[in-house]
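The values are calculated or read from the model by the stated rules, or taken from the named source; none is laboratory data. Just so we're clear, the structure is a prediction, and the values are computed from it rather than from any experiment. With ideal geometry, Cβ positions are generated from the backbone for all residues, glycine too; neighbour counts draw on all protein chains shown.
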Amino acid sequence: MLPLSSAVQISFPWGHKGGFHPRSLCYHLRMSTVENAATAAERQTQERKEPTFVFTEKQVAEKSELARRFLETRARQNENVHKSNNFLVKRFYNIDHSTYLDGTLPARTKELMGLVASACLRCDDCIYYHAIQAYRLGVPRAEQEEALNVALVVGGSIVVPHLRRAYELLEELYR
């Protein structure tokens with residue numbers, strides 16, 4: 001941690017000026033060097049790799065009618081988005097793809113985290129996407145169900161209708 005004399009100078013709206021104020025966050029924040037941030041970013045980039053899928057999207061679509069409809073609709077809608085050639089959307093898609101690569105956390109763990117977040121946000125498309133990806137990665141049904149239990153506790157009873165639809169998909173995938 002840097003000494004207080006190195007603290008960032010801040011102007012507070014209530015008139016206090018200076019590097020340290022008992023109520024300021026500066027005292028509590030660690031400051032990193034640009035070199036450390038660059039090293040961390042380089043390490044994360046080097047460690048990321050495409051996950052190994054157990055099932056293809058085609059195999060999933062053949063196993064589940066719900067998954068087939070979802071995957072076909074998603075592909076059709078993504079074609080329309082790609083036609084727009086929107087730079088910001090492309091960047092977001094790239095960040096999204098990179099986030100779910102194997103890294104310090106395995107892709108299967110990230111997909112379960114995505115499933116929990118999606119259920120809490122009550123996004124059925126997102127729930128389907130992450131449940132299908134987790135299935136493709138070989139995540140057992142019991143782990144997906146436990147992830148959905150976490151979502152129910154975090155999100156509350158408003159998650160229940162989405163939980164029902166998730167279980168309907170899981171029933172088709174794992175039969």
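What to note about this one:
- Residue match in region 140-158 (condition: basic (K, R), crowded, with 20+ Cβ neighbours inside 10 Å and assigned to a helix (DSSP H, G or I)): no
- Residue match in region 102-112 (condition: more than 26 Å from E62 (Cβ to Cβ) and touching a helix residue (DSSP H, G or I) at 6+ places or on another chain (Cβ under 7 Å)): yes
- Tally of residues being outside any helix (DSSP H, G or I) and either surrounded by 12 or more Cβ atoms within 10 Å (Cβ to Cβ) or on the phi > 0 side of the Ramachandran plot (or both) across region 58-88: 3
- Flag: R48 does not match the condition of being modelled with pLDDT of 95 or more and not β-branched (V, I, T).
- Subset of region 114-139 that is under 16 Å from F70 (Cα atoms) and small (G, A, S) - its residue that is surrounded by the fewest Cβ atoms within 10 Å (Cβ to Cβ): S118
- Only a single item in (1) among the β-branched types (V, I, T); (2) more than 15 Å from the chain's Cα centre (by Cα); (3) more than 23 Å from E171 (Cα to Cα) is not met by I95, and it is number (2).
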